[in-house]
Amino acid sequence: MPIQTLIGPEIWKSQLSKIKVAVIGTGNIGTDLCERMLRDPNFEVVAVIGRRKDSPGLLKLEGRIQKILYEGAQDLERIISLVDGVFDATSAYTHAEHWQIVNTAGKWMVDLTPSRIGLPIVPELIGYVKGMTLSSEHSNNYSMITCGGQSGAPLAYVLSKHARNISKLEISSSIASLSAGPATRDNIDQYIESTEMLMAQVSGVEKVKAILVLNPAEPPVMMRTTVTLAAETTDVNLMRSDLALIVRNVQKYVPGYELVVEPYAPMPGMVTATAKVSGAGYYLPSYAGNLDIINAAAVQTAKRHMEGSQIHNQENVL
Amino acid sequence: MNRFYDVTLRDGNHAIRHTLTPKFVGEYCRASANSGVWAVEVGHGNGLGASSYLVGASSFSDKDLLEAARDSLIPGGPKLAVHTIPGFATIKRDLIPALKLGVEVFRVATHVSEATVAKKHIQFLASQNVYVHGVLMMSHMIDLKGLISQVKLMESYGASAVILMDSAGYFIESDVKDRISAIKNESNIEIGFHAHNNLGIAVANANTAINSGAEIIDGASMGLGAGAGNAQLENIMATRLRSGDNIEIEHFLKMSALVEESYKEKLPRTTSSSTQSGLAGVFSGYAPQVKQISDELGIDISVLWGELGKRKLVAGQESMIREVAQDLMNL
């Protein structure tokens, strides 16, 4: 019998010690991650590592985190023995170097850059999608892929599950311009390629297309992601009931995730559905649902990884 | 003299729901050979790689359409051009194949306030041996200062010209004049203007753009384009002829007759709905889906256009039309 049912999830959880982490990168994503975990009793943020002393994120965290450091990879190497794992919120270009340090130390990494080095993870789909497992046999580097990917994967998974002979799947996201920083703008091709790769994995569909639209409207728009597929047969009723379930589960870690257009068939052989994501508003404003969902997924992945390794250890003891 | 840029085979694809065929592309390109048009733009209405459920699927691939055009254009005649929007198209999947197919003019388009998204694409194309234009779509949705800074961004990435698109057909003549004159005061970059006819003054706006200093003018034969259509190319040329330019009008009449015969049922015109969308400042390309959804849900189309305008939707947010319509029904 699995440990969780043996002693009940709540008791089991309280027996865990806090998850000790470091965050590298102090832009919007890194700062929001710190704020999020500072409020979460499961975590202890041991260190945050930036590259310049005057970054607004670091100033905001001063006095609230033990170690505030400025020397990137060098500092990561110095503190790696103090933590269970690391969140990388820097850039695809520096991620490889950081991962080498973390990997050598035998720790886990959650990657929020679009580097595509790690294993793609959508927390709600762990164990459901081929290859999406938290297993130390493969790699302890988990990639959060993209915001569009995180918001669209549950839709793509459910829609494709209840459709046969799918010829094509498409994901389009619109996000508030203010929430798209310079890295997203410079890497828009990478965003599209990574999102398409994740959608293909989640749906099993070969022909996949991703689209990203930035909307500058004031007040800023909430993120929306639409997934559409064409297939020989589809069961819209099953899609609706399954999606209602999965959305409730995603809401447990992304409270602002909701279905705004239920699966429907705009024409025979085609089904489409739309989700909206508003942010929890830790460090970033609520319109930044795109940043919120990727951070929420990162934190959830770390929890799931630690739970998994805890179960593993206890099973050995038993 | 100005350079005239023919968007019939690209923007026109909106009007015919992206059903453009290689055969028609070939015929039209041959008819344009000696017209003096600077470039002929070919492809899906939203450009390279845009065939999708979101904005409409093409009957033929970009490759099929571009090959048909390339094989029918002649040296010294119009150049082969494409429209491309970062977020739809990528360098690897779309731009590089288009370069290999022999495209000579690339227009990289973003919403008017989002030029930074085009940086990598423009920089990449500027390093190739092609013309690169930046395009600011929905150019009514920004103030003058903002517009000038976006033009300068595109210039700094390597665009040789920046095209202002009145994608919603919202501009009156003073809007055109104010914007182009202001840019010309601040920058030496070449400016183009792309009109839509929602308010019935696209040809007049094209002429205003010329008189305000724009070098590149977009038009489509029979106005074939999104929503109420583009500035009618043969009428622009006729007015230029009257204004004293040296124009061989018969080529343009032949091109427009070809479009008229082939797409009789699909020719755009200003309607009550397109006037509403123009006044609301909503992207012209939304028209088919707005019509379909308002019919299906029984909503007054003018109310739906008005609400879409209030929400400040930009091109590429077609999937929100239904959500907005549902919200209206729940009021």
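Condition first: in the same structural domain as B:G134 (by TED's automatic domain parsing), closer than 24 Å to A:S172 by Cα and of a type in the set (D, E, K, R). Can you find one or more residues in segment B:71-93 that meet it?
yes
Filter the helices (runs of 4 or more DSSP H) completely within segment A:45-119 down to those with at least 1 residues that are within 20 Å of A:E307 (Cα to Cα) and small (G, A, S).
Passing ranges: none, list empty.
Report yes if B:A202 is closer than 30 Å to B:F24 by Cα and without any contact (Cβ under 8 Å) to a residue 40 or more places away in the chain, otherwise no.
yes
Picking from B:G285, B:G309, B:G316, which residue would you name as being in a helix (DSSP H, G or I), within 29 Å of A:M223 (Cβ to Cβ), in contact (Cβ under 8 Å) with a residue 60 or more places away in the chain and not hydroxyl-bearing (S, T, Y)?
The match here is B:G285.
Is there a residue being without any contact (Cβ under 8 Å) to a residue 60 or more places away in the chain, surrounded by fewer than 24 Cβ atoms within 10 Å (Cβ to Cβ) and more than 24 Å from B:T110 (Cα to Cα) anywhere in segment A:156-163?
Among the residues of segment A:156-163, not one is without any contact (Cβ under 8 Å) to a residue 60 or more places away in the chain, surrounded by fewer than 24 Cβ atoms within 10 Å (Cβ to Cβ) and more than 24 Å from B:T110 (Cα to Cα), which makes the answer no.
Please identify the pairs in which a residue from segment A:227-250 that is over 14 Å from A:M270 (Cα atoms) has its Cβ atom under 9 Å from the Cβ atom of a residue that is charged (D, E, K, R) and not in a helix (DSSP H, G or I), counting only partners at least 6 apart or on another chain.
A:R240/A:E262; A:L243/A:E262; A:A244/A:E262; A:V247/A:E258
Would you say B:H14 is closer than 16 Å to B:S221 by Cα and surrounded by 18 or more Cβ atoms within 10 Å (Cβ to Cβ)?
Criteria met by B:H14.
If you go through segment B:312-331 one residue at a time, how many are over 25 Å from the mean Cα position of the chain (by Cα) and at pLDDT below 85?
Qualifying residue count for the region: 1.
Of the residues that make up segment B:29-36, is at least one crowded, with 23+ Cβ neighbours inside 10 Å, closer than 14 Å to B:N230 by Cβ and assigned by TED's automatic domain parsing to the domain that holds B:N207?
no
Can you tell me which residue within segment A:221-240, out of those that are crowded, with 18+ Cβ neighbours inside 10 Å and assigned to a loop (DSSP other than H, G, I, E, B), is nearest to the other protein chains (Cβ to nearest Cβ)?
The qualifying residue nearest to the other protein chains (Cβ to nearest Cβ) is A:V221.
Go through A:S177, A:S172, A:S167 for me and flag whichever is small (G, A, S), outside the structural domain of A:S91 (by TED's automatic domain parsing) and buried (at least 24 other Cβ atoms within 10 Å of the Cβ).
A:S172
I'm checking my understanding of the structure. Among residues of segment A:204-220 that are facing another protein chain (nearest Cβ under 8 Å) and touching a residue at least 24 places away in the same chain (Cβ under 8 Å), which one is nearest to A:I166 (Cα to Cα)?
A:K209
When you go through A:L284, A:L243, A:L291 one by one, which is the residue that is at pLDDT below 95, in a helix (DSSP H, G or I) and not charged (D, E, K, R)?
The conditions single out A:L291.
Can you tell me how many residues in segment A:150-177 are within 25 Å of A:A244 (Cβ to Cβ), modelled with pLDDT under 95 and touching a Pro at 6+ places or on another chain (Cβ under 8 Å)?
0
Can you tell me which condition A:D292 does not meet? The list is (1) in contact with a strand residue (DSSP E or B) (Cβ under 8 Å, 6 or more places away or on another chain); (2) without any contact (Cβ under 8 Å) to a residue 12 or more places away in the chain, and all the others hold.
Of (1) in contact with a strand residue (DSSP E or B) (Cβ under 8 Å, 6 or more places away or on another chain); (2) without any contact (Cβ under 8 Å) to a residue 12 or more places away in the chain, only one is false for A:D292: (2).
Tell me whether segment A:188-203 contains one or more residues that are more than 25 Å from A:L112 (Cβ to Cβ), away from every other protein chain (no Cβ under 12 Å) and not polar (S, T, N, Q).
No, every residue in segment A:188-203 fails to be more than 25 Å from A:L112 (Cβ to Cβ), away from every other protein chain (no Cβ under 12 Å) and not polar (S, T, N, Q).
I'd like the full set of residues that are of a type in the set (V, I, T) and either under 17 Å from A:A302 (Cβ atoms) or in contact (Cβ under 8 Å) with a residue 12 or more places away in the chain (or both), limited to segment A:93-117.
Correct list: A:T94, A:I101, A:V102, A:V110, A:T113, A:I117.
Please find, within segment A:166-187, the residue that is nearest to A:A273 (Cα to Cα) out of those that are assigned to a helix (DSSP H, G or I) and either without any contact (Cβ under 8 Å) to a residue 12 or more places away in the chain or facing chain B (nearest Cβ under 9 Å) (or both).
The residue in question is A:S177.
(1) more than 14 Å from chain A (Cβ to nearest Cβ); (2) among the basic types (K, R); (3) closer than 30 Å to B:P86 by Cα: which one isn't true of B:R322, the others all being true?
With (1) more than 14 Å from chain A (Cβ to nearest Cβ); (2) among the basic types (K, R); (3) closer than 30 Å to B:P86 by Cα applied to B:R322, the lone miss is (1).
Have a look at B:A126, B:A161, B:A182 and point out the one that is touching a strand residue (DSSP E or B) at 6+ places or on another chain (Cβ under 9 Å), within 29 Å of B:S243 (Cβ to Cβ) and not hydroxyl-bearing (S, T, Y).
Among B:A126, B:A161, B:A182, only B:A161 is touching a strand residue (DSSP E or B) at 6+ places or on another chain (Cβ under 9 Å), within 29 Å of B:S243 (Cβ to Cβ) and not hydroxyl-bearing (S, T, Y).
Just to be sure, is A:V250 within 14 Å of another protein chain (Cβ to nearest Cβ), farther than 18 Å from A:C34 by Cα and buried (at least 19 other Cβ atoms within 10 Å of the Cβ)?
So A:V250 fails the test.
Going through B:S256, B:S294 one at a time, which residue ends up being of a type in the set (G, A, S), modelled with pLDDT of 90 or more and under 30 Å from B:G26 (Cβ atoms)?
Residue meeting the stated conditions: B:S256.
Would you check which residues across segment A:252-268 are in a loop (DSSP other than H, G, I, E, B) and within 18 Å of the chain's Cα centre (by Cα) and list them?
A:V254, A:P255, A:G256
Within segment A:99-112, is even one residue closer than 26 Å to A:T226 by Cβ and of a type in the set (S, T, N, Q)?
No, segment A:99-112 has no match at all.
The values are calculated or read from the model by the stated rules, or taken from the named source; none is laboratory data. What you see is a predicted model, and the numbers here were worked out from it, not measured in a lab. So basically every Cβ, Gly included, is an ideal-geometry build from the backbone, and we count neighbours across all protein chains shown.
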